[in-house]
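Student: Sharing a structure here in structure tokens format.
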Ligand SMILES: *Cc1c(COP(=O)(O)O)cnc(C)c1O
């Protein structure tokens, strides 16, 4: 038997290790996962409450069109429901877009480093991935170099704003200037998985300007600030002209009844979001102070994680942290670690352990 040839260079995604595994292996009482940028404060209590009541009608397929959730998203962002694509997390949305848009031989442009799934799905479809290094000093995506990399084969440019793993973000006006210079046949995607965490500028999201450009698509997820990673639910605001193609390749029941309900309730509790964002902002500053005091180079994050150069083997450091109950992310760049911001006491503990290990 033979599988698609394009798979030969790929390996499965390696997720952050489950807490239970680590707990068992090292005989730990407490294990904290700060490796996948989940919300340490959980999810809105209102979502939990609503879900208790939502465990009914399990024998029926979900509403494949996610009508109620789309209505809630449309009202929340003031956009038409016809432009909303709902997926089982953005992982699903990225796959749907790649499958619908990319042919073998096409090209996509991504930042390097950035979220790995854009590349994976492009390679599966036989497309070529053109990687544009982020600015070494600032960690920001290099929009000019991305513009210059456009060829007649370019189909998608993936922007991640804020970018994972650098955490850096570009204001809306820079994205607008960029899209205005990109040929209309090229789809520009802004993955705003971490947009809610941005506290720096007022005009940060590209959502309000999707209608100004026929080739701009914006993605959002319930996995990060809303704390619903387990339920797999996210969405995109899509140019109208692409929706029918996306709807063809979207699995008809890709999101569950329960996840759809959770999304509606989560949107309704913006207080929970604001609380999370405020604490995250404080904790980010504490990390920055720590890294500055120790002379460790880092990128200015506007997300719920921080990415920094440990100046030594970060895989080993991550292993040492794991033995002490803290799961963080190494392996994205040699010597660099990406640490999700958790509870204040856990963040302090991670810094304390690091200070000890780095001495
Ligand atoms: C976590 C993450 C996603 C995936 O989120 P899901 O909605 O849980 O699939 C997408 N993009 C970026 C940049 C992420 O970090």
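Bear in mind that the values in this text are calculations on the coordinates, not laboratory data. Since this is a predicted model, take the numbers as computed values, not measurements. Reconstructed Cβ throughout: ideal geometry from the backbone, glycine too, with neighbour counts over all protein chains shown.
Student: State, in angstrom, two size descriptors of the chain derived from its alpha carbons: Rg to one decimal place and Dmax to the nearest whole number.
Tutor: 20.3, 58
Student: Report the FRET efficiency, 1/(1 + (r/R0)^6), for residue 124 and residue 323, where r is their Cβ-Cβ distance and R0 is 41 Å, rounded to 0.05. Could you put the intermediate results ahead of the total?
Tutor: Values: r = 36 Å, r/R0 = 0.88.
It comes out at approximately 0.70.
Student: Is the shape of region 123-276 best called rounded, prolate or oblate, per the rule: a/c under 1.5 gives rounded, else a/b larger than b/c gives prolate, else oblate, with a ≥ b ≥ c the square roots of the Cα gyration tensor eigenvalues? All intermediate terms of the calculation are to be shown ahead of the outcome.
Tutor: On the way: a/c = 1.81, a/b = 1.25, b/c = 1.44.
The shape class here is oblate.
Student: Right, next: Would region 1-132 count as rounded, prolate or oblate if I go by the C-alpha gyration tensor, calling it rounded below 1.5 in a/c and otherwise prolate when a/b exceeds b/c, oblate otherwise?
Tutor: Because a/c hits 1.5 or more and a/b fails to exceed b/c, region 1-132 counts as oblate.
Student: Within 10 Å, count the other beta carbons around each residue, average over each peptide in 129-136, 106-113, and list them highest first. Can you show the working numbers first?
Tutor: Values: 129-136: 15.1, 106-113: 22.0.
By packing density, highest mean first, the sequence is 106-113, 129-136.
Student: When 244, 223 are ordered from fewest to most other Cβ atoms inside 10 Å of their Cβ, what list results?
Tutor: On the way: 244 9, 223 22.
Ascending Cβ contact count within 10 Å gives the list 244, 223.
Student: What order do you get for 53-65, 328-340, 151-163, 72-84 when each peptide is scored by the mean count of other beta carbon atoms within 10 Å, highest first? Before the final figure, lay out the partial values.
Tutor: Numbers: 53-65: 11.3, 328-340: 19.7, 151-163: 22.0, 72-84: 15.8.
Going by the mean number of other Cβ atoms within 10 Å, highest first, we get 151-163, 328-340, 72-84, 53-65.
Student: Among the DSSP beta bridges whose two residues both lie in the chain, what percent are antiparallel, rounded to the nearest 5?
Tutor: Values: 15 of 36 bridges.
Here the share of antiparallel DSSP bridges comes out near 40 percent.
Student: Please state the shape class of region 5-44: rounded when a/c is under 1.5, otherwise prolate if a/b exceeds b/c and oblate if not, all from the C-alpha gyration tensor. Provide the component values of the computation, followed by the final result.
Tutor: On the way: a/c = 4.68, a/b = 1.67, b/c = 2.79.
Oblate, since a/c reaches 1.5 and b/c is not below a/b.
Student: Still on this structure: For region 239-266 and region 150-201, compute the distance between their C-alpha centroids and round to whole Å.
Tutor: Each part reduced to its Cα centre gives a spacing of 22 Å.
Student: Taking every DSSP beta bridge with both residues inside region 167-278, roughly what % is antiparallel (nearest 5)? Please report the intermediate quantities before stating the final value.
Tutor: Numbers: 4 of 8 bridges.
Within region 167-278, antiparallel bridges account for around 50 percent of the total.
Student: Among 51, 102, 216, 7, which comes first, then next, by fewest other beta-carbon atoms within 10 Å?
Tutor: Numbers: 51 17, 102 21, 216 25, 7 10.
With the fewest neighbours first, 51, 102, 216, 7 line up as 7, 51, 102, 216.
Student: Continuing with the same structure: To the nearest 0.05, how large is the calculated FRET efficiency for residue 30 and residue 282 if R₀ is 22 Å and r is the Cβ-Cβ distance?
Tutor: Numbers: r = 22 Å, r/R0 = 1.02.
About 0.45, to the nearest 0.05.
Student: Which order do 121, 289 fall in if you start with the one that has the fewest other Cβ atoms within 10 Å?
Tutor: Numbers: 121 21, 289 11.
Taking fewest neighbouring Cβ atoms as first place, the list is 289, 121.
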